[in-house]
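Structure record follows, encoded as structure tokens.
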């Protein structure tokens, strides 16, 4: 009972992040911007280091606002560099943003004497310190972003899977890209101060990649991703306490191990079934409709 009481809040927080990040991960994978999450998370971490440098507590409202401002800056950059016939790949800009933000965070933190421990905390997180108040705030933020994406789901899915068709329909892809990255950044900023950059990245990408191994449609991918994220969260939290390991890092390693098992199962038992991508499925449905 003591174990359950101690681990309840971290586990529930993990499930909340699973719900929204696994969904956003589907969009990220379809867009082919795999590292956008880790870049935005690092921008949020950079904002937190700047806040610390000016004497703010890393978990304060002020630090969150500063982190959010840096994340919005990243959202502007990423939405502006996506265009037809671009000479520089968007992933290159994302990678550069991550590298520069990481280096700037290290340089900034070097001026905050005695605060270097926060660099490690922002990288791997400290999910065990999450409180029920944090869980409630996180749930509200994720729910708001979830409702926003549900209302405009058709536009977001069309832009993620068939951007050329979205442009042909007169949709401002750049504007909706900006809204996507802003809403994405709000979730990342709220999660990275507790979960850390690496764990947030895993919640976003690994369930979606695991789902692609077995699922054809977006709906089935979401179901598999949510199931995987839930089971891995529970297993990672349990292993971290039983073996006495850092919880965030243990969940990351558990994600990696489970993904390897899923890949092995795909090769051994589902070799003849080649999953149809969301883009192909959507195109096929459109062709039949015509």
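The values are calculated or read from the model by the stated rules, or taken from the named source; none is laboratory data. These figures come from a predicted structure and were not determined experimentally. Heads up, the Cβs are rebuilt from the backbone with ideal geometry, glycines too, and the neighbour counts pull from every protein chain shown.
Residue by residue through the range 241-265, note down the ones that are at pLDDT below 85 and crowded, with 22+ Cβ neighbours inside 10 Å.
Within the range 241-265, 247, 248 meet the criteria.
Looking at (1) at pLDDT 85 or above; (2) surrounded by fewer than 17 Cβ atoms within 10 Å (Cβ to Cβ), find the lone condition where residue 55 falls short.
It fails just one condition, (1).
Tell me which residues, restricted to the range 240-257, are farther than 16 Å from residue 192 by Cβ and under 18 Å from the mean Cα position of the chain (by Cα).
Result: 250, 253, 254, 255, 256.
Condition test on residue 204, is it touching a helix residue (DSSP H, G or I) at 6+ places or on another chain (Cβ under 9 Å) and touching a residue at least 60 places away in the same chain (Cβ under 8 Å)?
So residue 204 passes the test.
Can we say residue 26 is part of a helix (DSSP H, G or I) and surrounded by fewer than 21 Cβ atoms within 10 Å (Cβ to Cβ)?
Against the criterion (part of a helix (DSSP H, G or I) and surrounded by fewer than 21 Cβ atoms within 10 Å (Cβ to Cβ)), residue 26 does not qualify.
Are any residues in the range 204-236 at pLDDT below 90, under 22 Å from residue 128 (Cα atoms) and surrounded by fewer than 23 Cβ atoms within 10 Å (Cβ to Cβ), and if so, which ones?
Matches in the range 204-236: 234 only.
Determine the pairs where a residue that is more than 22 Å from residue 228 (Cβ to Cβ), located within the range 1-18, has a partner that is in a helix (DSSP H, G or I) and at pLDDT 70 or above with Cβ atoms under 6 Å apart, the partner being 6 or more residues away or on another chain.
Close Cβ pairs (under 6 Å, with a partner that is in a helix (DSSP H, G or I) and at pLDDT 70 or above) do not exist here.
Let me confirm something: among 186, 285, which residue is modelled with pLDDT of 85 or more and in a helix (DSSP H, G or I)?
186 is the lone residue from the list that is modelled with pLDDT of 85 or more and in a helix (DSSP H, G or I).
Among the candidates 94, 141, 88, single out the residue that is at pLDDT 90 or above and either within 15 Å of the chain's Cα centre (by Cα) or over 30 Å from residue 53 (Cβ atoms) (or both).
141
Suppose we filter the range 169-197 for residues that are more than 20 Å from residue 77 (Cβ to Cβ) and buried (at least 21 other Cβ atoms within 10 Å of the Cβ); how many remain?
6
Kindly establish whether residue 166 is without any contact (Cβ under 8 Å) to a residue 24 or more places away in the chain, surrounded by fewer than 24 Cβ atoms within 10 Å (Cβ to Cβ), part of a helix (DSSP H, G or I) and within 16 Å of the chain's Cα centre (by Cα).
It is false that residue 166 is without any contact (Cβ under 8 Å) to a residue 24 or more places away in the chain, surrounded by fewer than 24 Cβ atoms within 10 Å (Cβ to Cβ), part of a helix (DSSP H, G or I) and within 16 Å of the chain's Cα centre (by Cα).
List every residue pair whose Cβ atoms lie under 7 Å apart, where the two residues are 6 or more positions apart in sequence or sit on different chains, the first residue falls within the range 140-152 and is farther than 18 Å from residue 28 by Cα, and the second residue, located anywhere, is part of a helix (DSSP H, G or I) and at pLDDT below 95.
141/186; 141/187; 141/190
Restricting to the range 189-220, name every residue that is within 18 Å of residue 11 (Cβ to Cβ) and not in a helix (DSSP H, G or I).
Result: 196, single match.
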